[in-house]
Amino acid sequence: MNKLIEKAKLTHNLDKDEILELLQNDNINEELFKAADEVRQEFLGDYVHLRGLIEFTNICKRNCMYCGLRRDNKNLERYRLTKEEILDFANKAVSYGYKTLVLQGGEDDYFTKERMTEIVKEIKNLGVALTLSLGEKTYEEYKAFKEAGADRYLIRIETTDKKLYEDMDPNMSFEERLDCLNNLRDLGYEVGSGILVGLPNQTLESIAKDILFFKLINADMIGIGPFIPNEDTPLKASKGGDLTLALKVMALTRLILPDINIPATTAMESLTPNGRIIALQSGANVVMPNVTEGEYRKLYALYPGKICTGDTPAHCRGCITGKVTGIGRIISDGYGFRGNQNTNAHDESLI
Ligand code: 5AD
Ligand code: SF4
Ligand code: FES
(Lines give C-alpha, C1' and ligand atoms only; values in the text may rest on other atoms or scores of the structure.)
(Ligands and ions follow the chains in the order given, each with its own letter.)
Protein backbone atom coordinates (compact mmCIF):
# COMPACT_ATOMS: atom_id res chain seq x y z
CA MET A 1 0.00 0.00 0.00
CA ASN A 2 1.10 3.57 -0.59
CA LYS A 3 3.04 4.62 2.53
CA LEU A 4 1.12 7.86 3.04
CA ILE A 5 -2.28 6.19 2.72
CA GLU A 6 -1.12 3.55 5.17
CA LYS A 7 0.01 6.25 7.59
CA ALA A 8 -3.27 8.13 7.26
CA LYS A 9 -5.25 4.96 7.86
CA LEU A 10 -3.34 4.19 11.02
CA THR A 11 -2.77 7.62 12.55
CA HIS A 12 -5.46 9.82 10.96
CA ASN A 13 -2.82 12.47 10.60
CA LEU A 14 -1.08 13.88 7.57
CA ASP A 15 0.72 17.16 7.12
CA LYS A 16 0.07 19.59 4.30
CA ASP A 17 2.84 18.28 2.05
CA GLU A 18 1.69 14.70 2.50
CA ILE A 19 -1.90 15.60 1.62
CA LEU A 20 -0.66 17.55 -1.38
CA GLU A 21 1.40 14.60 -2.56
CA LEU A 22 -1.68 12.38 -2.49
CA LEU A 23 -3.80 15.00 -4.25
CA GLN A 24 -1.18 15.28 -7.01
CA ASN A 25 -0.75 11.55 -7.54
CA ASP A 26 -3.55 10.10 -9.63
CA ASN A 27 -2.10 6.58 -9.60
CA ILE A 28 -3.22 5.99 -6.02
CA ASN A 29 -6.85 7.05 -6.39
CA GLU A 30 -8.42 3.60 -6.17
CA GLU A 31 -6.26 2.75 -3.17
CA LEU A 32 -7.23 6.01 -1.50
CA PHE A 33 -10.96 5.42 -2.06
CA LYS A 34 -10.66 1.88 -0.71
CA ALA A 35 -8.81 3.06 2.40
CA ALA A 36 -11.46 5.71 3.08
CA ASP A 37 -14.19 3.11 2.60
CA GLU A 38 -12.47 0.81 5.11
CA VAL A 39 -12.05 3.59 7.68
CA ARG A 40 -15.74 4.49 7.28
CA GLN A 41 -16.62 0.82 7.83
CA GLU A 42 -14.39 0.52 10.89
CA PHE A 43 -15.66 3.66 12.63
CA LEU A 44 -19.27 3.91 11.50
CA GLY A 45 -20.30 0.52 10.21
CA ASP A 46 -22.59 0.11 7.23
CA TYR A 47 -25.25 2.62 8.28
CA VAL A 48 -26.23 5.40 5.92
CA HIS A 49 -28.03 8.35 7.50
CA LEU A 50 -30.64 10.11 5.41
CA ARG A 51 -31.37 13.80 6.00
CA GLY A 52 -34.48 15.20 4.37
CA LEU A 53 -33.67 18.52 2.75
CA ILE A 54 -36.26 21.30 2.59
CA GLU A 55 -35.17 24.15 0.30
CA PHE A 56 -37.37 26.81 1.87
CA THR A 57 -36.34 30.02 0.09
CA ASN A 58 -34.29 30.77 -3.02
CA ILE A 59 -34.13 34.47 -2.16
CA CYS A 60 -30.61 35.55 -1.24
CA LYS A 61 -29.08 38.92 -0.45
CA ARG A 62 -25.57 37.65 -1.24
CA ASN A 63 -23.91 37.60 -4.59
CA CYS A 64 -21.56 34.60 -4.60
CA MET A 65 -19.94 34.40 -8.02
CA TYR A 66 -20.61 30.68 -8.47
CA CYS A 67 -24.20 30.45 -7.27
CA GLY A 68 -27.42 30.61 -9.25
CA LEU A 69 -29.29 32.06 -6.29
CA ARG A 70 -27.06 35.17 -6.19
CA ARG A 71 -29.08 38.37 -5.97
CA ASP A 72 -27.97 39.71 -9.35
CA ASN A 73 -29.38 36.67 -11.16
CA LYS A 74 -32.53 38.10 -12.69
CA ASN A 75 -33.20 34.92 -14.70
CA LEU A 76 -34.59 33.08 -11.73
CA GLU A 77 -38.13 33.11 -10.46
CA ARG A 78 -37.90 33.54 -6.71
CA TYR A 79 -39.94 31.77 -4.04
CA ARG A 80 -40.28 31.69 -0.32
CA LEU A 81 -42.27 28.92 1.40
CA THR A 82 -44.81 29.90 4.01
CA LYS A 83 -44.50 28.52 7.50
CA GLU A 84 -47.46 26.28 6.74
CA GLU A 85 -45.80 24.88 3.62
CA ILE A 86 -42.55 24.24 5.49
CA LEU A 87 -44.42 22.38 8.22
CA ASP A 88 -46.44 20.45 5.67
CA PHE A 89 -43.25 19.31 3.88
CA ALA A 90 -41.66 18.49 7.24
CA ASN A 91 -44.65 16.38 8.26
CA LYS A 92 -44.60 14.54 4.97
CA ALA A 93 -40.86 13.92 5.29
CA VAL A 94 -41.42 12.43 8.74
CA SER A 95 -44.09 10.17 7.28
CA TYR A 96 -41.51 8.90 4.74
CA GLY A 97 -39.29 7.92 7.68
CA TYR A 98 -36.78 10.76 7.89
CA LYS A 99 -35.25 11.23 11.36
CA THR A 100 -33.33 14.39 10.49
CA LEU A 101 -34.54 17.36 8.51
CA VAL A 102 -32.40 20.11 7.02
CA LEU A 103 -33.81 23.56 6.41
CA GLN A 104 -31.72 25.17 3.73
CA GLY A 105 -32.16 28.55 2.11
CA GLY A 106 -30.52 31.64 0.74
CA GLU A 107 -29.82 34.55 3.07
CA ASP A 108 -33.37 35.85 3.09
CA ASP A 109 -34.04 38.57 5.66
CA TYR A 110 -37.77 37.82 5.65
CA PHE A 111 -36.89 34.91 7.94
CA THR A 112 -36.18 36.99 11.02
CA LYS A 113 -35.06 35.57 14.34
CA GLU A 114 -38.70 35.48 15.48
CA ARG A 115 -40.08 33.78 12.38
CA MET A 116 -37.25 31.27 12.28
CA THR A 117 -37.45 30.30 15.96
CA GLU A 118 -41.15 29.66 15.60
CA ILE A 119 -40.52 27.34 12.64
CA VAL A 120 -37.69 25.57 14.49
CA LYS A 121 -39.90 24.94 17.53
CA GLU A 122 -42.72 23.53 15.46
CA ILE A 123 -40.44 21.23 13.50
CA LYS A 124 -38.82 20.01 16.71
CA ASN A 125 -42.28 19.04 17.95
CA LEU A 126 -42.22 16.37 15.24
CA GLY A 127 -39.43 14.56 17.13
CA VAL A 128 -36.70 14.92 14.51
CA ALA A 129 -33.15 16.19 14.66
CA LEU A 130 -32.96 19.53 12.89
CA THR A 131 -30.15 21.03 10.87
CA LEU A 132 -30.20 24.64 9.73
CA SER A 133 -28.34 25.99 6.72
CA LEU A 134 -29.24 29.65 6.29
CA GLY A 135 -25.87 31.29 6.01
CA GLU A 136 -24.31 34.00 8.13
CA LYS A 137 -26.34 35.16 11.12
CA THR A 138 -25.46 37.00 14.32
CA TYR A 139 -24.47 35.23 17.52
CA GLU A 140 -27.84 36.23 18.97
CA GLU A 141 -29.70 34.64 16.09
CA TYR A 142 -27.70 31.41 16.23
CA LYS A 143 -28.32 31.38 20.00
CA ALA A 144 -32.06 31.82 19.58
CA PHE A 145 -32.25 29.01 17.00
CA LYS A 146 -30.28 26.72 19.29
CA GLU A 147 -32.51 27.49 22.24
CA ALA A 148 -35.53 26.82 20.04
CA GLY A 149 -34.13 23.32 19.48
CA ALA A 150 -31.93 23.36 16.35
CA ASP A 151 -29.28 20.64 16.67
CA ARG A 152 -26.89 21.27 13.80
CA TYR A 153 -25.79 24.02 11.46
CA LEU A 154 -24.19 23.77 8.04
CA ILE A 155 -22.06 26.59 6.71
CA ARG A 156 -19.39 25.79 4.20
CA ILE A 157 -16.17 27.75 4.37
CA GLU A 158 -16.14 27.18 0.55
CA THR A 159 -12.33 27.71 0.50
CA THR A 160 -9.83 28.63 3.22
CA ASP A 161 -7.84 30.79 0.80
CA LYS A 162 -8.86 34.22 2.07
CA LYS A 163 -8.17 35.96 -1.22
CA LEU A 164 -10.05 33.36 -3.27
CA TYR A 165 -12.93 33.41 -0.77
CA GLU A 166 -13.27 37.15 -0.98
CA ASP A 167 -13.00 37.10 -4.79
CA MET A 168 -15.72 34.46 -4.98
CA ASP A 169 -18.01 36.01 -2.37
CA PRO A 170 -17.98 39.76 -3.04
CA ASN A 171 -18.50 41.91 0.04
CA MET A 172 -18.24 38.94 2.34
CA SER A 173 -15.42 38.68 4.83
CA PHE A 174 -13.44 35.53 5.45
CA GLU A 175 -13.01 36.50 9.11
CA GLU A 176 -16.76 36.83 9.54
CA ARG A 177 -17.21 33.36 8.10
CA LEU A 178 -14.72 32.01 10.65
CA ASP A 179 -16.57 33.87 13.43
CA CYS A 180 -19.77 32.13 12.39
CA LEU A 181 -18.13 28.72 12.68
CA ASN A 182 -16.68 29.61 16.09
CA ASN A 183 -19.98 30.97 17.37
CA LEU A 184 -21.85 27.87 16.27
CA ARG A 185 -19.33 25.67 18.05
CA ASP A 186 -19.51 27.78 21.23
CA LEU A 187 -23.28 27.50 21.22
CA GLY A 188 -23.12 23.71 21.19
CA TYR A 189 -24.26 22.98 17.65
CA GLU A 190 -22.96 20.07 15.69
CA VAL A 191 -21.08 22.04 13.09
CA GLY A 192 -20.93 21.19 9.43
CA SER A 193 -18.74 22.87 6.86
CA GLY A 194 -17.07 22.03 3.58
CA ILE A 195 -15.70 23.39 0.35
CA LEU A 196 -16.24 23.68 -3.36
CA VAL A 197 -13.68 21.82 -5.45
CA GLY A 198 -12.64 23.29 -8.79
CA LEU A 199 -13.17 27.01 -8.21
CA PRO A 200 -11.23 29.19 -10.64
CA ASN A 201 -7.62 29.68 -9.44
CA GLN A 202 -8.02 27.17 -6.63
CA THR A 203 -4.78 25.20 -6.24
CA LEU A 204 -4.21 21.69 -4.89
CA GLU A 205 -2.09 23.26 -2.16
CA SER A 206 -5.02 25.41 -1.13
CA ILE A 207 -7.24 22.30 -1.03
CA ALA A 208 -4.65 20.54 1.16
CA LYS A 209 -4.94 23.44 3.59
CA ASP A 210 -8.74 23.19 3.47
CA ILE A 211 -8.54 19.55 4.57
CA LEU A 212 -6.28 20.49 7.49
CA PHE A 213 -8.74 23.23 8.38
CA PHE A 214 -11.53 20.64 8.74
CA LYS A 215 -9.34 18.87 11.29
CA LEU A 216 -8.37 22.10 13.03
CA ILE A 217 -11.98 23.08 13.68
CA ASN A 218 -12.89 19.45 14.43
CA ALA A 219 -15.90 19.69 12.13
CA ASP A 220 -18.71 17.25 12.86
CA MET A 221 -19.78 17.14 9.22
CA ILE A 222 -17.98 17.96 5.99
CA GLY A 223 -19.68 18.28 2.62
CA ILE A 224 -17.50 18.43 -0.48
CA GLY A 225 -18.99 19.45 -3.78
CA PRO A 226 -17.53 19.89 -7.23
CA PHE A 227 -18.11 23.43 -8.48
CA ILE A 228 -20.50 23.26 -11.47
CA PRO A 229 -20.54 26.43 -13.60
CA ASN A 230 -23.94 28.10 -13.89
CA GLU A 231 -24.93 29.99 -17.08
CA ASP A 232 -26.60 32.72 -15.04
CA THR A 233 -23.49 33.66 -13.08
CA PRO A 234 -20.23 35.49 -13.80
CA LEU A 235 -18.40 32.14 -13.69
CA LYS A 236 -20.37 30.66 -16.59
CA ALA A 237 -17.25 30.18 -18.72
CA SER A 238 -15.23 28.48 -15.97
CA LYS A 239 -14.10 24.91 -16.28
CA GLY A 240 -15.61 23.63 -13.03
CA GLY A 241 -14.56 20.80 -10.78
CA ASP A 242 -14.37 17.11 -11.58
CA LEU A 243 -15.80 14.24 -9.64
CA THR A 244 -12.50 12.43 -9.13
CA LEU A 245 -10.83 15.34 -7.38
CA ALA A 246 -13.92 15.97 -5.24
CA LEU A 247 -13.92 12.28 -4.25
CA LYS A 248 -10.23 12.44 -3.40
CA VAL A 249 -10.79 15.44 -1.13
CA MET A 250 -13.68 13.60 0.49
CA ALA A 251 -11.67 10.39 0.96
CA LEU A 252 -8.75 12.28 2.51
CA THR A 253 -11.18 14.02 4.85
CA ARG A 254 -12.50 10.61 5.94
CA LEU A 255 -8.97 9.39 6.64
CA ILE A 256 -8.08 12.27 8.91
CA LEU A 257 -11.52 12.70 10.54
CA PRO A 258 -12.58 9.05 10.77
CA ASP A 259 -15.80 9.40 12.77
CA ILE A 260 -17.50 12.45 11.27
CA ASN A 261 -20.55 12.59 9.04
CA ILE A 262 -19.72 13.01 5.37
CA PRO A 263 -22.51 13.34 2.82
CA ALA A 264 -22.41 11.94 -0.67
CA THR A 265 -23.39 15.28 -2.18
CA THR A 266 -26.06 16.04 -4.74
CA ALA A 267 -23.51 17.92 -6.86
CA MET A 268 -21.43 14.74 -7.16
CA GLU A 269 -24.35 12.86 -8.70
CA SER A 270 -25.29 15.85 -10.86
CA LEU A 271 -21.88 15.48 -12.55
CA THR A 272 -21.91 11.68 -12.91
CA PRO A 273 -24.74 9.14 -12.71
CA ASN A 274 -24.41 7.24 -9.44
CA GLY A 275 -21.92 9.82 -8.15
CA ARG A 276 -23.47 9.53 -4.69
CA ILE A 277 -23.11 5.77 -4.67
CA ILE A 278 -19.47 6.03 -5.70
CA ALA A 279 -19.05 8.57 -2.87
CA LEU A 280 -20.68 6.19 -0.36
CA GLN A 281 -18.06 3.64 -1.40
CA SER A 282 -15.23 6.16 -1.00
CA GLY A 283 -15.77 7.39 2.55
CA ALA A 284 -19.24 8.98 2.71
CA ASN A 285 -21.97 7.82 5.13
CA VAL A 286 -24.80 10.34 4.66
CA VAL A 287 -27.23 11.26 1.87
CA MET A 288 -29.48 14.31 1.87
CA PRO A 289 -32.46 13.60 -0.40
CA ASN A 290 -34.68 16.50 -1.35
CA VAL A 291 -38.05 16.54 0.41
CA THR A 292 -39.27 19.81 -1.09
CA GLU A 293 -42.57 19.19 -2.87
CA GLY A 294 -43.89 20.52 -6.15
CA GLU A 295 -42.44 23.10 -8.52
CA TYR A 296 -40.02 24.65 -6.03
CA ARG A 297 -37.23 22.14 -6.61
CA LYS A 298 -36.53 23.41 -10.11
CA LEU A 299 -36.24 26.94 -8.76
CA TYR A 300 -33.56 26.08 -6.21
CA ALA A 301 -31.14 26.32 -9.09
CA LEU A 302 -27.67 26.53 -7.55
CA TYR A 303 -26.11 24.91 -10.62
CA PRO A 304 -27.33 23.24 -13.82
CA GLY A 305 -28.10 19.54 -14.07
CA LYS A 306 -29.16 19.29 -10.42
CA ILE A 307 -30.64 15.83 -9.93
CA CYS A 308 -34.17 15.09 -8.71
CA THR A 309 -35.68 18.42 -9.81
CA GLY A 310 -38.56 16.58 -11.54
CA ASP A 311 -39.07 13.96 -8.84
CA THR A 312 -41.27 13.75 -5.77
CA PRO A 313 -40.04 13.19 -2.20
CA ALA A 314 -41.71 9.78 -2.19
CA HIS A 315 -39.91 8.80 -5.38
CA CYS A 316 -36.51 10.00 -4.09
CA ARG A 317 -36.96 8.16 -0.84
CA GLY A 318 -37.59 4.89 -2.69
CA CYS A 319 -34.83 5.60 -5.19
CA ILE A 320 -32.15 6.24 -2.59
CA THR A 321 -33.24 3.32 -0.42
CA GLY A 322 -32.85 1.04 -3.44
CA LYS A 323 -29.43 2.41 -4.29
CA VAL A 324 -28.12 2.26 -0.73
CA THR A 325 -29.33 -1.27 -0.03
CA GLY A 326 -28.16 -2.27 -3.51
CA ILE A 327 -24.55 -1.79 -2.37
CA GLY A 328 -25.09 -3.72 0.84
CA ARG A 329 -25.52 -0.76 3.15
CA ILE A 330 -28.27 -0.18 5.72
CA ILE A 331 -30.54 2.85 6.06
CA SER A 332 -30.05 4.00 9.65
CA ASP A 333 -33.01 4.28 11.95
CA GLY A 334 -31.13 6.74 14.20
CA TYR A 335 -30.67 10.48 14.29
CA GLY A 336 -27.07 10.13 13.19
CA PHE A 337 -25.34 12.40 15.64
CA ARG A 338 -21.58 12.23 15.49
CA GLY A 339 -20.26 9.53 17.78
CA ASN A 340 -23.67 7.98 18.12
CA GLN A 341 -23.83 6.26 14.82
CA ASN A 342 -25.00 2.78 15.43
CA THR A 343 -27.73 3.35 17.93
CA ASN A 344 -31.39 3.04 17.20
CA ALA A 345 -33.52 6.18 17.16
CA HIS A 346 -35.56 4.87 20.03
CA ASP A 347 -32.52 4.69 22.30
CA GLU A 348 -31.45 8.27 21.78
CA SER A 349 -32.90 11.13 23.75
CA LEU A 350 -33.50 14.29 21.84
CA ILE A 351 -33.40 17.23 24.25
N1 5AD B 1 -21.74 24.36 -8.04
C2 5AD B 1 -21.69 23.54 -6.97
N3 5AD B 1 -22.07 23.88 -5.73
C4 5AD B 1 -22.56 25.14 -5.56
N5 5AD B 1 -23.00 25.78 -4.45
C6 5AD B 1 -23.41 27.02 -4.81
N7 5AD B 1 -23.23 27.20 -6.14
C8 5AD B 1 -22.69 26.05 -6.62
C9 5AD B 1 -22.26 25.62 -7.91
N10 5AD B 1 -22.34 26.42 -8.98
C11 5AD B 1 -22.93 25.21 -3.11
C12 5AD B 1 -22.13 26.10 -2.16
C13 5AD B 1 -23.08 26.39 -1.03
C14 5AD B 1 -24.09 25.28 -1.17
C15 5AD B 1 -25.44 25.60 -0.60
O16 5AD B 1 -24.21 25.10 -2.57
O17 5AD B 1 -20.99 25.39 -1.67
O18 5AD B 1 -22.47 26.37 0.25
FE1 SF4 C 1 -26.66 33.00 -1.39
FE2 SF4 C 1 -25.54 30.75 -0.45
FE3 SF4 C 1 -25.84 31.11 -3.10
FE4 SF4 C 1 -24.03 32.57 -1.77
S5 SF4 C 1 -23.98 30.30 -2.03
S6 SF4 C 1 -25.52 33.37 -3.28
S7 SF4 C 1 -25.04 32.88 0.21
S8 SF4 C 1 -27.48 30.90 -1.59
FE1 FES D 1 -34.14 11.72 -6.28
FE2 FES D 1 -32.94 9.28 -7.03
S3 FES D 1 -32.78 10.42 -5.13
S4 FES D 1 -34.47 10.49 -8.09
- Query: Share of antiparallel DSSP beta bridges in the chain, in percent to the nearest 5?
  - Reply: 5
- Message: Please list, by residue number, every one of the chymotrypsin sites (Phe, Trp or Tyr not before Pro) in segment 1-60 that is coil in DSSP and has at most 15 other beta-carbon atoms within 10 Å.
- Response: none
- Message: Can you sort MET1, MET288 by solvent-accessible area, 1.4 Å probe, largest first?
- Response: MET1, MET288
- Task: Give the cross-link partners of LYS83 among the lysines, using a straight C-alpha distance below 17 Å as the criterion and excluding same-chain residues fewer than 8 apart.
- Result: LYS92, LYS113, LYS121, LYS124
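Per residue, how much accessible area does the chain have with a 1.4 Å probe, in Å²? List each step's numbers first, then the result.
Details: 14030 Å² over 351 residues.
Heavy-atom accessible area per residue stands at 40 Å².
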- State the percentage of accessible surface on the chain attributable to carbon and sulfur atoms; use a 1.4 Å probe and exclude ligands, DNA and RNA. 49
- The aspartates and glutamates whose Cα lies under 15 Å from the Cα of LYS143, excluding any fewer than 8 residues away in the same chain, are GLU114, GLU118, ASP151, ASP179, ASP186, GLU190
- Task: Before rounding to the nearest 500, sum -39500 (n - 2.57) across all DSSP H runs of length at least 4 in the chain and divide by the residue total; then give [θ] at 222 nm in deg cm²/dmol.
- Result: -12500 deg cm²/dmol
- Task: For an R0 of 51 angstrom, estimate the FRET efficiency from the Cβ-Cβ distance between ASN13 and TYR110 and round to the nearest 0.05.
- Result: 0.70
- Task: Take the eigenvalues of the Cα gyration tensor for segment 226-351, scale each by 5, and report the square roots as semi-axes in whole Å, largest first.
- Result: 27, 20, 13
- Query: Separation between the ASP167 and GLU30 pseudo-spin-labels, each 7 Å from Cα along Cα→Cβ, expressed in nm?
  - Reply: 3.6
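The values are calculated or read from the model by the stated rules, or taken from the named source; none is laboratory data. Here the structure is a predicted model, which is why all the values come from computation and not from measurement. So basically every Cβ, Gly included, is an ideal-geometry build from the backbone, and we count neighbours across all protein chains shown. Accessible surface is based on the protein model in full, side chains and every heavy atom, while ligands, DNA and RNA are left aside. Shrake-Rupley method; radii C 1.70, N 1.55, O 1.52, S 1.80 Å.
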